[in-house]
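J.: Quick one: this structure, given as structure tokens, is what I'll be asking you about.
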Amino acid sequence: MRNLQTAGREEGAVSAAEAAERVGRLRAAVERVIKGKPEAVRLATVTLLAGGHLLVEDVPGVGKTTLAQALAQAIDCSFQRIQFTSDLLPSDVIGLSVYDERAGSFEFKHGPIFANIVLADEINRTTPKTQSALLEAMAEGHVTVEGVTYRLRAPFMVVATQNPVEHHGTYPLPESQVDRFMLRIRLGYPAPDVEKEILRDREHGDPLQALRPVMTGEEVVELQRAVRGVSVDDALVDYLMRVVGATRESETLDLGVSPRGTLALFRAAQAFALTEGRDYCLPDDVKRLVLPLFAHRLVVNSRFSSSLHRRSEEAEEVLREIMKTVSVPL
């Protein structure tokens, strides 16, 4: 399975061991703020290194916003928070042109999307029209206003939070937008001992105030380039494709995994391997990422779904069954 690319690595490129050391420092820094959720922090860093976007779905008050803030502070990058509400306009996200009387011309005022880490807080509380304002930025890394294209600064990552759809005042995200999030994670309530530790930590202040950068934006971009050099054996690609094909052929699903989702799993597996100090992927890298990467992309057939609110859980159940039937390469 291993196909080393060390010999062909460009001079000055980040080695797998060095990448793992950097990511280890990043995760440790974030975990000092987000306590008791190491897997969520791991998946957030994998998303960042893979150049993707993260959807955090959970009830209010469990640390969704804090995760995005901690990640931005730890990599010493610009951060903007957009509070999505029912009256938010697309121009509130991407910016707008304002007429300058002294210059006699229009000047583009950048919106909050022009940051390295953008928190789209409670994204499902705004209308689909405003939700779609993020699509071009997330997919292309630039926005177009009045025929002029403006590139976004690298690294660029959207961390969107949403409350479960059964909460009042929410709009389910359309499939076209959900598909642009590389991974979806949940934080969940902390264990009692962890929650007690959180209370003690905040007794004398906010741990975010004490968080210091452990990596620069330039170093993040270096790691993103290194991810693309991680080797993925043909047998592992075939395994990945069999999993994807099974979602498209399942009678339980109305919508299987898109080609965008296939590429996202490929890239995320490369990133996961690099965070583990390897320049090659293993089947376990793919297996660990299938649920958080594919479940939100699937649409369960209404004939097999007990309720609208359980379709996310049922999609995960379908994926677990698929993973049991697809043979793993040795």
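The values are calculated or read from the model by the stated rules, or taken from the named source; none is laboratory data. If you're wondering where the values come from, they're calculated on a predicted model, not measured in any experiment. In this analysis, Cβ positions are derived from the backbone assuming ideal geometry, glycine residues included, and neighbour counts consider all displayed protein chains.
J.: Identify all residues within the stretch 272-290 that are within 19 Å of PRO259 (Cα to Cα), out of contact with any Phe, Trp or Tyr (no Cβ under 8 Å at 6 or more places or on another chain) and surrounded by 17 or more Cβ atoms within 10 Å (Cβ to Cβ); write none if there are none.
T.: VAL290
J.: Would you mind stating whether LEU71 is touching a Pro at 6+ places or on another chain (Cβ under 9 Å) and either in the same structural domain as LYS287 (by TED's automatic domain parsing) or at pLDDT 90 or above (or both)?
T.: Considered against the rule, which asks whether it is touching a Pro at 6+ places or on another chain (Cβ under 9 Å) and either in the same structural domain as LYS287 (by TED's automatic domain parsing) or at pLDDT 90 or above (or both), LEU71 comes out as no.
J.: Within the stretch 241-271, restricting attention to residues that are touching a residue at least 40 places away in the same chain (Cβ under 8 Å), over 23 Å from the mean Cα position of the chain (by Cα) and assigned to a helix (DSSP H, G or I), which residue is surrounded by the most Cβ atoms within 10 Å (Cβ to Cβ)?
T.: ALA246
J.: Taking only pairs six or more apart or across chains, which ones have beta-carbon atoms under 6 Å, a first residue in the stretch 86-101 that is under 13 Å from ILE123 (Cα atoms), and a second residue that is not β-branched (Val, Ile, Thr)?
T.: PRO90/ALA133; VAL93/GLY111; VAL93/ALA133
J.: Where in the stretch 18-111 are there strands (runs of 3 or more DSSP E), lying fully within it, with 3 or more residues that are within 19 Å of the chain's Cα centre (by Cα)? Don't jump to the end; show me each part of the working.
T.: Numbers: elements: 54-57, 79-83, 95-100, 105-110.
Where strands (runs of 3 or more DSSP E) fall fully within the stretch 18-111 and carry at least 3 residues being within 19 Å of the chain's Cα centre (by Cα), they are 54-57, 79-83.
J.: Testing GLY229 on (1) within 19 Å of ASP179 (Cα to Cα); (2) in contact with a Lys or Arg (Cβ under 8 Å, 6 or more places away or on another chain); (3) buried (at least 17 other Cβ atoms within 10 Å of the Cβ), one condition comes back false. Which one is that?
T.: (1)
J.: Also, I was wondering about something else. Return the total of residues in the stretch 106-158 being touching a Lys or Arg at 6+ places or on another chain (Cβ under 6 Å) and without any contact (Cβ under 8 Å) to a residue 12 or more places away in the chain.
T.: Total satisfying the criteria: 1.
J.: Something else: Looking only at the stretch 291-304, count every residue that is touching a residue at least 40 places away in the same chain (Cβ under 8 Å) and either part of a helix (DSSP H, G or I) or surrounded by 20 or more Cβ atoms within 10 Å (Cβ to Cβ) (or both) and tell me the total.
T.: 8
J.: Quick check on ARG278: is it within 24 Å of the chain's Cα centre (by Cα), at pLDDT 95 or above, in a loop (DSSP other than H, G, I, E, B) and not polar (S, T, N, Q)?
T.: Yes: the conditions hold for ARG278.
J.: Looking only at the stretch 35-52, which residues are surrounded by 15 or more Cβ atoms within 10 Å (Cβ to Cβ) and without any contact (Cβ under 8 Å) to a residue 60 or more places away in the chain?
T.: VAL41
J.: Taking the criterion of being in the same structural domain as VAL59 (by TED's automatic domain parsing) and either part of a helix (DSSP H, G or I) or more than 15 Å from the chain's Cα centre (by Cα) (or both), would at least one residue in the stretch 156-163 satisfy it?
T.: Yes, the conditions are met somewhere in the stretch 156-163.
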